[in-house]
Amino acid sequence: MCGHCGCDEPTPQAEQRQLIALHRDLMDANRQGAEHNREHLRRRRLTALNLVSSPGTGKTTLLEKTLRRLQGLRPALVIEGDQQTELDAARIRATGTPAVQIQTGQACHLDAAMVHDALHRLPEAPGGLLFIENVGNLICPSQFDLGEQARVVLVSVTEGDDKPLKYPGIFRHADLLLITKIDLLPHVDFDPDRCIANARRICPELPALQLSATAGTGLDAWLDWLRQPDREAG
Ligand SMILES: Nc1nc2c(ncn2[C@@H]2O[C@H](COP(=O)(O)OP(=O)(O)O)[C@@H](O)[C@H]2O)c(=O)[nH]1
Ligand SMILES: [Mg+2]
């Protein structure tokens, strides 16, 4: 009850408590969902990677190149997250890789339940890689564990090397920083070393690679990273 006039309106403090409780329940449910996904992935012998970045950093382009290079060497599956359209899943399927598109509508991130649902719509691919392209956004995806084994954060050279400082949350639990579109470096004021140093202020020791998906530069090192023993499933 309102302490000012005695009416039945909830006080701002009561509303805030309700919101906090709701947020806690949501995060708890997601944590449980992520654990369930991890178990699922273990059983299916899949290594899942969560690719997060701003829109347009080159996630889908990198996936297209990567999947073509992996063909015949290692099975792969893709879950695509966008607010709307099937465009990215169509690009992935054109490489011959099974892909499920999640359209998040109002949501600005993928959550564990969405990934669980998508997992059930994908074929078996034991020993394979599951790439999850998250919704383009440096803020919301940082809070949602999807059950992935590694989080890969992409920053393109057109975005500015200060982004890790401005959006630290997404870098805090990152496993790899990919600096993309390095073919454009001659045209922009972006210092890759400064970007890496900024990211390491948030996440010390964060491994970093620089690449251009369109020119092919740096793709070998990225594929080597994917081949590291801790990226091998069961
Ligand atoms: N110059 C350059 N452009 C790129 C590179 N990778 C992607 N792009 C372009 O960046 C735009 C967004 O790419 P996309 O893969 O759709 O980004 P996403 O939104 O992160 O999935 C497209 O026009 C791509 O052609 C790159 O390595 N170099
Ligand atoms: Mg994309």
ask   = Which number comes out as Rg/Rh for the chain once both Rg and the Kirkwood Rh are worked out on C-alpha atoms?
value = 1.04
For segment 127-234, with +1 on Lys and Arg beta carbons and -1 on Asp and Glu, the positive-most of Pro168, Val188, Leu146 along the dipole = Pro168
ask   = To the nearest 20 debye, what is the magnitude of the charge dipole of segment 12-231 about its Cα centre, counting +1 on the Cβ of each Lys and Arg and -1 on the Cβ of each Asp and Glu?
value = 480
inquiry  = Tell me the Kirkwood radius of segment 143-234: reciprocal of the mean inverse pair distance over distinct alpha-carbon atoms, in Å.
reply    = 13.8
ask   = From the phi of every residue in segment 213-230, what ³J(HN,Hα) in whole Hz does the Karplus formula 6.51 cos²θ - 1.76 cosθ + 1.60 yield, where θ is phi - 60° and glycine or proline is x?
value = 5, 6, 8, x, 5, x, 5, 4, 5, 5, 5, 5, 4, 5, 8, 4, x, 6
inquiry  = Only sites in a loop by DSSP and with at most 16 other Cβ atoms within 10 Å count here; which trypsin sites (Lys or Arg not before Pro) in segment 41-109 make the cut?
reply    = Arg45
note = Sorting His120, Thr61, Pro75 by the position of each Cα along the dipole of the chain (Lys, Arg +1; Asp, Glu -1; all at Cβ), the one nearest the positive end of that ordering is Pro75
ask   = Hey, if we sort Thr11, Thr214 by accessible area with the 1.4 Å probe, largest down, what's the order?
value = Thr214, Thr11
task = Report Rg(Cα)/(2.2 N^0.38 Å) for segment 20-94, keeping two decimals.
result = 1.37
request  = Specify the inter-centroid distance of segment 63-108 and segment 157-196, based on alpha-carbon positions, in whole Å.
outcome  = 24
query = With contacts defined as alpha carbon pairs under 8 Å and 6 or more residues apart, what's the relative contact order of the chain in percent?
reply = 23
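The values are calculated or read from the model by the stated rules, or taken from the named source; none is laboratory data. This one's a predicted model, so the numbers in the text were calculated from it and none came from an experiment. Cβ coordinates were reconstructed from backbone atoms using ideal geometry, including for glycine residues, and neighbour counts include every protein chain displayed. What goes into the accessible areas is simple: the full protein's heavy atoms, side chains included, and nothing from ligands, DNA or RNA. Shrake-Rupley method; radii C 1.70, N 1.55, O 1.52, S 1.80 Å.
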